[in-house]
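J.: Shown below is the structure under consideration.
The values are calculated or read from the model by the stated rules, or taken from the named source; none is laboratory data. Since this is a predicted model, take the numbers as computed values, not measurements. Here Cβ is always computed from backbone atoms with ideal geometry, including for glycine, and neighbour counts include all displayed protein chains.
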Amino acid sequence: MRQRRAVVVGAGVAGLASALALSKVGWRVAVLESRERLQKRPVLLFLWESGVKALRQLGIDARLDLGARAPDRVTIRDQAGADVGSLALAPADPESVRPVYVRQDRLFEALVAKLGPSVDLVHSTTVSRVDLVRLAAGDRTRRWDADFVVAADGTGSTIRSLLEPRSKAVDAGAVAFNAVLPPHRAPRREGDSAEIHGAHGRRFSYADLGENGAAWMAIVPGGLRPESAQIQHELLNRWFSGWPDPVAAYLGATRPEDLVQSLVRTVDPLPTGLHHKSGDGGHLLMVGDSASGTAPVFPVGATVALEDAATLGWALHQAPEDMDAAMDHYRMQRRGRLQALHRFGRRHLKLSSRKRNLITSLVRATPDAWLERYVRNLSRWELPDDMWWVDYA
Ligand SMILES: Cc1cc2nc3c(=O)[nH]c(=O)nc-3n(C[C@H](O)[C@H](O)[C@H](O)COP(=O)(O)OP(=O)(O)OC[C@H]3O[C@@H](n4cnc5c(N)ncnc54)[C@H](O)[C@@H]3O)c2cc1C
């Protein structure tokens, strides 16, 4: 039988992980990526338990392969520095999967290292055309015929705008700055990890990563700042002056060249159909931010992208000869979960961007045990057969 061909558009977490899942179940894959090379930006990602499980199904152990660090708890503080809540993350059972902090660049490297010879990574290729009659994707001069196109082209997805024009990338009116600090410059905080919430959606979160250094992220209202990194650093010091410890220590340990800024965007409304068919019976699927783009005020996008990819591998394993059935399996698994996370993300964004931050009031009024149960439910994700990958390991 001819090896089936998939084109994955975009080489972010969703695209690389989907390419890996496809290759595991026997597809030939071309990953088309606009950038000249993979993103090297050192951004720290928090992966929920479900993301760690999904990674494992793709053959990557977060702690052993990525040097990921599992925090014991995340504290939530108000702008005066008072603890308003705390989320215990160390499970009673030491064998349980735990959420981790992982560097995005390490995650990319590990995913790429696992891609076998059936995956071609094609850089400097911006997909601008998709043929929905005889399924293919391409740029201005080249065309890749395919049985399956996976759109993993992020929040601003070109493919989503073609298939689901009602679902738009929406600017959330905020910008995120972050930095990863090397161990010799990191303030020592004994594993401390916290989120400090202020008014108008202003927020500062940080994590001590022990021997791996430390990282922080600040969210501020407004758009991308055009100024030099030096001025951006000065602005951050001004915006967060008077904030409680250890904000000044983290900003003081940061060099302007460490700063990475990103626009906070989301997809709204959620696409009604994740899956479409072409005239010749080919299939198109949207995954990762292209399908669900949750704003990073609630850090879950990379976790969702990994869940999407593992679910794709599982669905294709369930129905190897029947793509219609495989896509039905995929939809049944993902639809409800993406809707629930999208609803939560929107609510979180609304509550946190008010003049008076309502997140802290809400967390203060909620017993920690309830908060933990709520968050645990949000990160609950299982596949009906979570050992599908063993056949291909
Ligand atoms: C500051 C910040 C902090 C975050 N923190 C967390 C966190 O702690 N935990 C978490 O789970 N998530 C976090 N997220 C969200 C997470 O990073 C994203 O949800 C996740 O990376 C989405 O991956 P993706 O592959 O779907 O999209 P992207 O990472 O956007 O990748 C899309 C890729 O497609 C390429 N592309 C786009 N258009 C085309 C085209 N037409 N042709 C070819 N290629 C194209 C792009 O160049 C890009 O490489 C954070 C996000 C930000 C901005």
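J.: Might you check whether a residue that is of a type in the set (Gly, Ala, Ser), within 8 Å of the ligand (Cβ to nearest atom) and in a loop (DSSP other than H, G, I, E, B) occurs anywhere in segment 262-269?
T.: Within segment 262-269 (the criterion being of a type in the set (Gly, Ala, Ser), within 8 Å of the ligand (Cβ to nearest atom) and in a loop (DSSP other than H, G, I, E, B)), the answer is no, since none of the residues qualifies.
J.: List the number of the failed condition for Pro117; all other conditions in (1) over 25 Å from Pro299 (Cα atoms); (2) within 16 Å of the ligand (Cβ to nearest atom); (3) not small (Gly, Ala, Ser) hold.
T.: (2)
J.: While we're looking at this one, here's another question. For segment 77-119, which residues satisfy the criterion of being closer than 30 Å to Ser241 by Cβ and surrounded by fewer than 16 Cβ atoms within 10 Å (Cβ to Cβ)?
T.: The answer is Ala80, Gly81, Ala82, Asp83.
J.: If you don't mind, there's one more thing I want to ask. Have a look at Thr294, Thr303 and point out the one that is closer than 16 Å to Arg335 by Cα, within 13 Å of the ligand (Cβ to nearest atom) and assigned to a loop (DSSP other than H, G, I, E, B).
T.: Criteria check complete, one pass: Thr294.
J.: If we scan segment 212-234, do we find a residue that is assigned to a helix (DSSP H, G or I), within 16 Å of the ligand (Cβ to nearest atom), without any contact (Cβ under 8 Å) to a residue 60 or more places away in the chain and polar (S, T, N, Q)?
T.: Checked segment 212-234: at least one residue is assigned to a helix (DSSP H, G or I), within 16 Å of the ligand (Cβ to nearest atom), without any contact (Cβ under 8 Å) to a residue 60 or more places away in the chain and polar (S, T, N, Q).
J.: Additional query: It is to be established whether one or more residues within segment 20-43 are over 19 Å from Tyr101 (Cα atoms), without any contact (Cβ under 8 Å) to a residue 40 or more places away in the chain and not hydrophobic (A, V, I, L, M, F, W, C).
T.: no
J.: Continuing with the same structure: Touching a strand residue (DSSP E or B) at 6+ places or on another chain (Cβ under 7 Å) and either under 24 Å from Gly313 (Cβ atoms) or within 12 Å of the ligand (Cβ to nearest atom) (or both): is that true of Arg56 in this structure?
T.: no
J.: Regarding Ala309, is this residue hydrophobic (A, V, I, L, M, F, W, C) and within 16 Å of the ligand (Cβ to nearest atom)?
T.: Answer is yes for this residue.
J.: Which ones in segment 173-211 are of a type in the set (Gly, Ala, Ser), closer than 23 Å to Trp239 by Cα and more than 15 Å from the ligand (Cβ to nearest atom)?
T.: Of everything in segment 173-211, those that are of a type in the set (Gly, Ala, Ser), closer than 23 Å to Trp239 by Cα and more than 15 Å from the ligand (Cβ to nearest atom) turn out to be Ala186, Gly198, Ala199.
J.: Answer yes or no as to whether Asp245 is in contact (Cβ under 8 Å) with a residue 12 or more places away in the chain, more than 29 Å from Ala137 (Cβ to Cβ), surrounded by fewer than 20 Cβ atoms within 10 Å (Cβ to Cβ) and within 14 Å of the ligand (Cβ to nearest atom).
T.: No: the conditions fail for Asp245.
J.: Among the residues of segment 201-224, what is the count of those that are over 23 Å from the mean Cα position of the chain (by Cα) and either of a type in the set (Phe, Trp, Tyr) or buried (at least 16 other Cβ atoms within 10 Å of the Cβ) (or both)?
T.: 0
J.: While we're looking at this one, here's another question. When you scan segment 291-299, do you find a residue that is farther than 30 Å from Asp83 by Cβ and either surrounded by fewer than 17 Cβ atoms within 10 Å (Cβ to Cβ) or modelled with pLDDT of 95 or more (or both), even just one?
T.: yes
J.: Moving on to the next point. Between Arg41, Arg35, which is in contact with a His (Cβ under 9 Å, 6 or more places away or on another chain), within 13 Å of the ligand (Cβ to nearest atom) and of a type outside the set (A, V, I, L, M, F, W, C)?
T.: Arg35
J.: Applying the selection to segment 131-160, what residues are away from the ligand (no atom under 15 Å from the Cβ) and either within 30 Å of Thr294 (Cβ to Cβ) or among the polar types (S, T, N, Q) (or both)?
T.: Leu132, Leu135, Asp147, Phe148
J.: Sticking with this structure for a sec: Which condition number in (1) within 16 Å of the ligand (Cβ to nearest atom); (2) touching a residue at least 40 places away in the same chain (Cβ under 8 Å) is the one that Ala68 fails?
T.: If we test Ala68 against (1) within 16 Å of the ligand (Cβ to nearest atom); (2) touching a residue at least 40 places away in the same chain (Cβ under 8 Å), just (2) comes out false.
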